[in-house]
C-alpha cells in the first residue's frame with residue numbers, strides 16, 4: 001500500500017521487510033540521503049547501489065519482529081540489520097551506533113527527503129552508468 005500526499009503529513013513513516021515479518025516506524029526527519037555505490041552496499045542489496053536516508057538511531061522504532069532480526073557485523077559497532085526470513089536489508093547502524101541508514105526501498109510511506117548525491121562512486125559497479133545530475137562523491141561528504 002503506498003501513501004498519498006495527505007498521509008505524508010504524519011511525523012512517522014511505516015517500513016517493513018519483503019515478507020512482512022519485521023516492521024518498524026521511523027521519523028520523517030532524515031538529516032541526509034544518498035545513493036551508496038560501495039562494494040559492501042552493492043553486495044548487501046544485490047543492486048548497483050543502496051539508496052539510504054540517515055537519522056539518529058532513537059528515531060527508529062521496531063514495531064514487530066524483534067526475534068526475526070539478523071545482525072550482520074559487530075552488534076556493538078557498525079552493523080547491518082536484516083530480516084532473518086526473507087533477507088531484506090532494513091537498515092545499517094553507523095557512526096559509532098548513533099545513526100541508522102534506513103534503506104529507502106523498505107519504506108512503505110514516501111519520505112520527504114530525496115537522495116542528495118552518489119557516494120563512493122570510485123567503486124561503483126563497472127556495468128552501471130550514473131545517469132542523473134546529482135553530485136558524485138569519492139567518499140561520504142563532510
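None of the figures in this text is laboratory data; all of them are computed from the coordinates on show. All values reported here derive from a predicted model rather than from experimental measurement. Cβ placement follows ideal geometry from the backbone for every residue including glycine, while neighbour counts extend to all protein chains displayed.
Say each of residue 86 and residue 123 gets a label point 7 Å from the Cα, pointing the same way as Cα to Cβ; how far apart are those two points in nm?
Each label point lies 7 Å from its Cα, and together they span 2.8 nm.
Calculate the FRET efficiency for residue 139 and residue 48 from the Cβ-Cβ distance with a Förster distance of 30 Å, rounded to the nearest 0.05. Intermediate results must be reported in sequence, preceding the final value.
Values: r = 18 Å, r/R0 = 0.61.
Approximately 0.95, to the nearest 0.05.
Can you give the convex hull volume of the alpha carbon atoms of the range 67-142 per residue, in Å³? All intermediate terms of the calculation are to be shown ahead of the outcome.
Working: hull volume 11.4 nm³, N = 76.
Per-residue hull volume (Cα only) is 151 Å³.
Between residue 79 and residue 114, what length in nm is gained on full extension when 0.36 nm per residue of separation is reduced by their alpha carbon distance? Can you show the working numbers first?
Details: separation 35, 0.36 × 35 = 12.60 nm, distance 2.36 nm.
Separation in residues times 0.36 nm, less the Cα-Cα distance, equals 10.2 nm.
Could you grab the relative contact order for the range 11-123? Cα pairs under 8 Å, six or more apart, rounded to a whole percent.
On the way: 251 pairs, mean separation 38.8, N = 113.
Value for the range 11-123: 34 percent.
Give me the one-decimal nm value for the distance between modelled label points at residue 132 and residue 70, 7 Å along each residue's Cα-to-Cβ direction.
Simple spin-label model gives 2.9 nm for this pair.
When a/c reaches 1.5 or more, the comparison of a/b and b/c decides; with that in mind, is the range 11-123 rounded, prolate or oblate per its Cα gyration tensor?
Details: a/c = 1.40, a/b = 1.15, b/c = 1.22.
The shape class here is rounded.
Antiparallel versus total DSSP beta bridges in the chain: what percent is that, nearest 5?
Working: 33 of 36 bridges.
Counting only bridges with both partners in the chain, antiparallel ones make up about 90 percent.
Suppose only helical runs count, i.e. DSSP H with n ≥ 4. What mean residue ellipticity at 222 nm does that imply for the chain under -39500 (n - 2.57) per run, divided by all residues and rounded to the nearest 500 deg cm²/dmol? Before the final figure, lay out the partial values.
Working: 1 runs with 7 residues, N = 142.
So the calculated ellipticity at 222 nm is -1000 deg cm²/dmol.
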